[in-house]
Amino acid sequence: MIELKTASEVDACAAAGKIVADVLTAVRAHAKPGVTTGELDRLAADLIADAGATPSFLGYHPSWAPTPYPGVICASVNDAIVHGIPGTQRLRPGDLLSVDLAVHLDGWCADAAFSTVIGEGAPEDVALIETAERALAAGIAAAQAGARLGDIAHAIGTVVRGGGYGLLADHGGHGVGRSMHEAPSVSNEGRPGRGLVLRPGLVIALEPMLQAGGADSYRHDPDGWTIRTADGSRAAHAEHTIAITEDGPRVLTAGRPDC
Ligand code: MF3
Ligand code: CO
């Protein structure tokens with residue numbers, strides 16, 4: 001079932017989204033060479049607690065995962081695309097880091113992610129991240145009341161494939177609200193004019209996940225969570241939670257870093 005949110009429920013998701021954006025901004029500022037992904041996780045945990053919110057990933061246990069998710073953020077480095085578990089990995093100059101975070105506040109959720117380079121990045125990594133952001137922006141621009149899910153998917157996929165990049169297979173965006181993952185699923189590739197009609201009150205997370213090597217295939221680490229490119233190439237992830245409104249798309253996680 002697809003639940004349309006009232007205006008005050010959308011505002012509640014936006015309040016959660018403000019915390020997500022602020023915490024991701026602080027994580028970005030601390031993501032320097034020598035810092036571990038576990039330290040970034042503890043920073044996020046402290047800031048979320050200070051804000052009176054709850055981390056949505058911690059303890060999340062979908063049926064496909066071997067264990068409940070053990071972190072507050074996902075920290076995915078280089079060939080890790082998404083769901084990297086924070087830990088002892090120390091960031092190095094030239095690493096490509098993707099950070100994903102969702103929080104609940106007063107029963108409502110928002111979800112966002114960004115990618116960045118540590119120190120001076122390689123031009124091809126910067127181009128990959130910029131394309132992820134452009135694909136997300138195109139998806140958001142297509143998220144107009146009366147348009148369809150396929151229009152969003154087509155907009156995202158066209159930018160990614162136009163850059164010659166791969167799109168992580170079997171993964172995409174999703175509805176957000178009381179839960180982090182709700183109906184509908186939002187594909188990163190599709191046919192315009194097809195699928196669910198977008199109505200005001202629909203809240204969805206759009207999240208292109210790009211692979212530099214051009215392939216879509218992936219593998220899991222032994223931890224059962226971390227998803228890596230099958231070809232070892234680098235990956236980038238950009239995500240916002242948005243609401244469909246009569247006045248166009250509203251970005252509920254506005255202000256998160258974009259590189
Ligand atoms: N934004 C990601 C998603 O929607 C993050 C999920 S991480 C998890 O799938 F740990 F919660 F699974
Ligand atoms: Co998400």
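The values are calculated or read from the model by the stated rules, or taken from the named source; none is laboratory data. Everything numeric in this text was worked out from a predicted model, so none of it was measured. When we count neighbours, we look across all protein chains shown, and the Cβ atoms used for this are built from the backbone with ideal geometry, even at glycine. Accessible surface areas use protein heavy atoms only, side chains included; no ligands, DNA or RNA. Shrake-Rupley method; radii C 1.70, N 1.55, O 1.52, S 1.80 Å.
Scanning segment 1-42 for residues that are polar (S, T, N, Q) and either modelled with pLDDT under 95 or more than 20 Å from C259 (Cβ to Cβ) (or both) yields T6, S8, T36.
One line per residue, one yes/no per condition, for (1) surrounded by fewer than 23 Cβ atoms within 10 Å (Cβ to Cβ); (2) under 17 Å from V103 (Cα atoms); (3) in contact with a strand residue (DSSP E or B) (Cβ under 6 Å, 6 or more places away or on another chain):
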{"residue": "P33", "(1), (2), (3)": "yes, no, no"}
{"residue": "T37", "(1), (2), (3)": "no, no, yes"}
{"residue": "G52", "(1), (2), (3)": "yes, yes, no"}
{"residue": "W64", "(1), (2), (3)": "yes, no, no"}
{"residue": "C74", "(1), (2), (3)": "no, yes, yes"}
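Filtering G150, G164, G119 for residues that are over 14 Å from the mean Cα position of the chain (by Cα), part of a loop (DSSP other than H, G, I, E, B), over 21 Å from V82 (Cβ atoms) and in contact (Cβ under 8 Å) with a residue 24 or more places away in the chain leaves a single hit, G119.
Of everything in segment 55-76 that is within 16 Å of ligand 2 (Cβ to nearest atom) and among the β-branched types (V, I, T), the residue that is nearest to the chain's Cα centre (by Cα) is I73.
The rows are residues; the columns are (1) aliphatic (A, V, I, L, M); (2) open to solvent by less than 30 Å² (accessible area, probe 1.4 Å); (3) in a loop (DSSP other than H, G, I, E, B).
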| residue | (1), (2), (3) |
| --- | --- |
| I85 | yes, no, yes |
| L97 | yes, yes, no |
| C109 | no, yes, no |
| F114 | no, yes, no |
| I129 | yes, yes, no |
| E133 | no, no, no |
| A143 | yes, yes, yes |
| T158 | no, no, no |
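When H61 is tested against (1) in contact with a His (Cβ under 8 Å, 6 or more places away or on another chain); (2) within 11 Å of ligand 1 (Cβ to nearest atom); (3) not acidic (D, E), only condition (1) is not met. Taking segment 207-259 as the range and being part of a loop (DSSP other than H, G, I, E, B), within 21 Å of V27 (Cα to Cα) and either among the aliphatic types (A, V, I, L, M) or open to solvent by 40 Å² or more (accessible area, probe 1.4 Å) (or both) as the test, the residues that pass are R234, A238, L252, A254, G255, D258, C259.
Within the span defined as segment 162-177, every residue fails to be more than 15 Å from ligand 2 (Cβ to nearest atom), more than 21 Å from A122 (Cβ to Cβ) and open to solvent by 50 Å² or more (accessible area, probe 1.4 Å).
The set of residues in segment 116-127 being open to solvent by less than 20 Å² (accessible area, probe 1.4 Å) and of a type in the set (D, E) consists of D125 alone. Among the residues of segment 64-76 satisfying the criterion of being part of a loop (DSSP other than H, G, I, E, B) and more than 13 Å from A45 (Cα to Cα), which is farthest from ligand 1 (Cβ to nearest atom)? Filtering segment 64-76 for residues that are part of a loop (DSSP other than H, G, I, E, B) and more than 13 Å from A45 (Cα to Cα), the one farthest from ligand 1 (Cβ to nearest atom) comes out as P66.
Residue-wise test of (1) touching a Leu at 6+ places or on another chain (Cβ under 9 Å); (2) open to solvent by 30 Å² or more (accessible area, probe 1.4 Å).
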{"residue": "D151", "(1), (2)": "yes, yes"}
{"residue": "M180", "(1), (2)": "no, no"}
{"residue": "N188", "(1), (2)": "yes, no"}
{"residue": "P200", "(1), (2)": "yes, yes"}
